[in-house]
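Notes for the one structure printed next.
The values are calculated or read from the model by the stated rules, or taken from the named source; none is laboratory data. This is a predicted model, so every value here is computed, not measured. Every residue, glycine as well, gets a Cβ built from its backbone with ideal geometry; the counts of neighbours run over all protein chains shown.
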Amino acid sequence: AQKVTQAQTEISVVEKEDVTLDCVYETRDTTYYLFWYKQPPSGELVFLIRRNSFDEQNEISGRYSWNFQKSTSSFNFTITASQVVDSAVYFCALSEAVGSGNTGKLIFGQGTTLQVKP
Amino acid sequence: EAQVTQNPRYLITVTGKKLTVTCSQNMNHEYMSWYRQDPGLGLRQIYYSMNVEVTDKGDVPEGYKVSRKEKRNFPLILESPSPNQTSLYFCASWKGEGSTEAFFGQGTRLTVV
């Protein structure tokens with residue numbers, strides 16, 4: 001069965017600190033996708049990144065970076081020089097590839113609440 | 001603009017009073033789904049649809065109904081809401097084969113008293 005675990009329920013940091021949000025996943029599929037979403041206090045889900053299982057290159061987008069390691073089934077998210085506006089709930093998610101009876105259903109982790117204090 | 005639209009955004013209702021949360025997408029996506037979000041549990045799939053007139057249960061379907069009579073619309077129906085259905089609900093759509101990028105609605109915060 002597919003599963004996503006975000007062991008960190010809440011993290012609190014002071015502005016300008018770096019912070020890493022952990023994500024560990026389980027799947028038997030060889031083709032799958034990993035996602036990170038941000039949920040600010042306003043409640044909507046904001047797509048941050050999608051990574052397919054064949055692409056283990058790390059990605060950097062501004063202050064955000066993602067580390068995908070198939071060997072440890074992890075897809076961690078690092079925010080460098082955090083800002084108050086980064087305060088949100090962050091979700092890691094996994095989906096199977098659509099086709100052959102698979103629906104592309106997203107499996108979400110429990111979420112990590114990040115609080116960045118000024 | 002590509003979007004998924006849910007209505008209403010906020011709803012307070014009483015136990016047992018039937019309600020419908022609407023969801024509409026303008027991207028001609030085949031797949032649509034409803035999720036509920038609860039603290040500590042993340043988002044869990046309630047129902048999904050792979051195309052018009054094709055729906056199936058997700059992980060937590062009890063107490064909910066859906067229909068897919070048109071490709072763009074996927075309403076969520078609570079025939080007899082109960083307090084344990086108080087939650088934040090999201091509708092999502094995605095293209096289908098070859099794509100798993102899901103687009104989410106703004107969310108509907110439902111309170112059942």
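A few points about this structure:
- Filter pass, A:Phe91 being assigned to a strand (DSSP E or B), modelled with pLDDT of 95 or more, buried (at least 22 other Cβ atoms within 10 Å of the Cβ) and away from every other protein chain (no Cβ under 14 Å): no
- Of all residues in segment B:46-75, those being within 21 Å of A:Gly109 (Cα to Cα) and surrounded by fewer than 22 Cβ atoms within 10 Å (Cβ to Cβ) number 5.
- Residue match in segment B:36-58 (condition: among the charged types (D, E, K, R), in contact with a helix residue (DSSP H, G or I) (Cβ under 9 Å, 6 or more places away or on another chain) and touching a residue at least 40 places away in the same chain (Cβ under 8 Å)): yes
- For segment B:76-87, the set of residues classified as surrounded by 17 or more Cβ atoms within 10 Å (Cβ to Cβ) and under 29 Å from B:Asn28 (Cβ atoms) consists of B:Leu76, B:Leu78, B:Ser87, listed by residue number.
- Positions within segment A:94-118 being at pLDDT below 80 and part of a strand (DSSP E or B), in sequence order: A:Gly99, A:Asn102
- Selection from segment B:54-113 of residues that are acidic (Asp, Glu) and either part of a loop (DSSP other than H, G, I, E, B) or within 20 Å of B:Glu1 (Cα to Cα) (or both): B:Asp59, B:Glu62, B:Glu70, B:Glu79, B:Glu97, B:Glu101
- If only residues of segment A:3-52 that are within 11 Å of chain B (Cβ to nearest Cβ) and assigned to a loop (DSSP other than H, G, I, E, B) are counted, the one that is surrounded by the fewest Cβ atoms within 10 Å (Cβ to Cβ) is A:Ser42.
- Identification of strands (runs of 3 or more DSSP E) wholly contained in segment B:5-51 with 1 or more residues that are within 9 Å of chain A (Cβ to nearest Cβ) and more than 14 Å from B:Gly63 (Cα to Cα) yields B:31-38, B:42-51.
- Answer from A:Gln115, A:Gln110 - the residue that is surrounded by fewer than 19 Cβ atoms within 10 Å (Cβ to Cβ) and either out of contact with any Lys or Arg (no Cβ under 8 Å at 6 or more places or on another chain) or not charged (D, E, K, R) (or both): A:Gln115
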